[in-house]
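Scroll down for the structure; my scribbles are underneath it.
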Amino acid sequence: MNQRFRTFAPMKAQNLSTEQILVNLNIEALNEMQETALAASEAHNDIILLSATGSGKTLAFLLPIVHSLDPENKNTQAIVIVPSRELAMQIEKVFKQMGTGFKVTCCYGGHKREIEENNLVQPPALIVGTPGRIADHLRRENITADTIETLVLDEFDKSLELGFIDEMEEIISALPNIKKRMLTSATEAVEIPDFIGLTHPQRLSFLTGDESNEQLAIKMVHSPEKDKLDTLFRLLCFLGNRSTIIFCNHREAVQRTSQMLHDKGIYNEFYHGAMEQRERDSALCKFRNGTTSVLVTTDIAARGLDIPNIRYIIHYHLPHTEDIFTHRNGRTARMEASGTAILIIGPEETLPDYAGDNVEEINLPSTYTLPEKPKWTTLFIAAGKKDKVNKIDIVGFLSQRGELKKEDIGLIEVKDFFSFVAVRKTKAAHTLHLVRDHRLKNKKVKIEVAK
């Protein structure tokens, strides 16, 4: 897709212009797809937006939402439904970074419903969430459904694929006053159910029919054994400690693969949908901050994760469909960066047709050396935004009480009730000893190495 960049005409959101929103997001200008979506939203009530993974669809629907919000209306005005909690949290994060002043609440399973109920007492302008949790809140009448006029179904094909059709129908039937609808996807649309209520939708397709990425190289390696683990291990040794996501088709395979790599001396984190939210947050944070360079996961990580600079995608299990292959590969080679996707082909498997014709084969050397160990470790702090703790508080505490220098402190992520911070591994034990008896924001807080 040929991208053109130019600024769009100003629009106001609580007296905030589009240009100021882009400054807040550290974006120079809208791309062609975002421009087109914003213009189309002014002229059409129903839109289907098809655009490749990583092309900026989140901003393409958030800007029209902000444009439609009335600052004088203190009720919920818009709702975004997504297939996964990670995607919901990513959209919430982008909306907050826009700095519009409008309230947003994120609703998803895996943490206490009461937290969201408290946030919904004063209705947010925007609700972002997963189908199951939003349907639950509607049944409990925690959401004022009749004031919502804008509906976005982000990655709607994935929501249908994951079996959320009943919940989505329940939600949409409970929203009587929807005036605008936008559906987004990174693949050609599946059949759209009638209950969504589209009327003469404007279809915006930025899919070229050939979604190959010039920055993405496709390679393969043959495994002489049906159990590919030894080949995976030697491949990771060959690649070194670059940021790598390994995709498996089942949760059980994820944990088994992760454990066996640990046993062979390769530190990694695993990630799948059955984990508790804190465990998932911890795994992703460690991968983002360099505590580990290897993440073993299911296809839940193929969409919605905000993890920059991923160098390698390894298809330990071959994807079931071309769409899954495309979405997995979309985690790398983003924003002008290059990346490599590698398929491990077992003795009874053949290279899928969708891999293309120019697939280079990797011949692994007979000898191997374990990748260099990560230089960071992650500390868990049992305090977060709801405790009035922010990144500046954490840096000050670890610098003054933990005797860490600025270069010893890495990425900090502050959640609602806990935080994660990367620190130089060589300094972690000493720092933990120093801060053991000190208070953070006048409160005794548990701090330990993140599990």
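Every residue in region 136-159 that is under 16 Å from P123 (Cβ atoms) and β-branched (V, I, T), please.
Correct list: I143, T144, T147, I148, T150.
Tell me which residues, restricted to region 270-280, are over 16 Å from the mean Cα position of the chain (by Cα) and among the acidic types (D, E).
The answer is E276, and nothing else.
Residue by residue through region 153-180, note down the ones that are closer than 12 Å to Q77 by Cβ and crowded, with 16+ Cβ neighbours inside 10 Å.
If we filter region 153-180 for residues that are closer than 12 Å to Q77 by Cβ, which is where we start, we get 175, 177-180.
Those that are closer than 12 Å to Q77 by Cβ and crowded, with 16+ Cβ neighbours inside 10 Å: L175, I178, K180.
Go through A78, A43 for me and flag whichever is of a type outside the set (V, I, T), modelled with pLDDT of 95 or more and over 23 Å from R331 (Cα atoms).
Unique residue meeting the criteria: A78.
In the set T244, T257, T231, which member is more than 28 Å from R85 (Cβ to Cβ), touching a strand residue (DSSP E or B) at 6+ places or on another chain (Cβ under 8 Å) and not assigned by TED's automatic domain parsing to the domain that holds F420?
On the way: T244 fails: more than 28 Å from R85 (Cβ to Cβ); T257 fails: more than 28 Å from R85 (Cβ to Cβ).
Every option except T231 fails the conditions.
Please state which of the following conditions G109 fails to meet, knowing it meets all the rest: (1) closer than 15 Å to M89 by Cα; (2) surrounded by 20 or more Cβ atoms within 10 Å (Cβ to Cβ).
The single condition G109 does not satisfy is (2).
Is there any pair linking a residue in region 340-361 that is without any contact (Cβ under 8 Å) to a residue 40 or more places away in the chain and on the phi > 0 side of the Ramachandran plot to one that is loosely packed, with under 15 Cβ neighbours inside 10 Å and assigned to a helix (DSSP H, G or I), with Cβ under 9 Å and at least six apart or on different chains, and which?
Final answer for the pair search is none.
Considering each residue of region 152-187, count those that are without any contact (Cβ under 8 Å) to a residue 24 or more places away in the chain and assigned to a loop (DSSP other than H, G, I, E, B), and give that number.
Here the count works out to 1.
Among the residues of region 114-169, which ones are within 23 Å of the chain's Cα centre (by Cα), more than 15 Å from A88 (Cα to Cα) and among the basic types (K, R)?
Those that are within 23 Å of the chain's Cα centre (by Cα), more than 15 Å from A88 (Cα to Cα) and among the basic types (K, R): none in region 114-169.
From the list V104, V128, which one is in contact with a Pro (Cβ under 8 Å, 6 or more places away or on another chain), at pLDDT 95 or above and aliphatic (A, V, I, L, M)?
Only one candidate qualifies: V104.
The values are calculated or read from the model by the stated rules, or taken from the named source; none is laboratory data. Predicted model, so just to flag it, every value in this text is computed and none were measured. Using ideal geometry, Cβ is built from the backbone for each residue, glycine included, and neighbour counts are taken over all protein chains shown.
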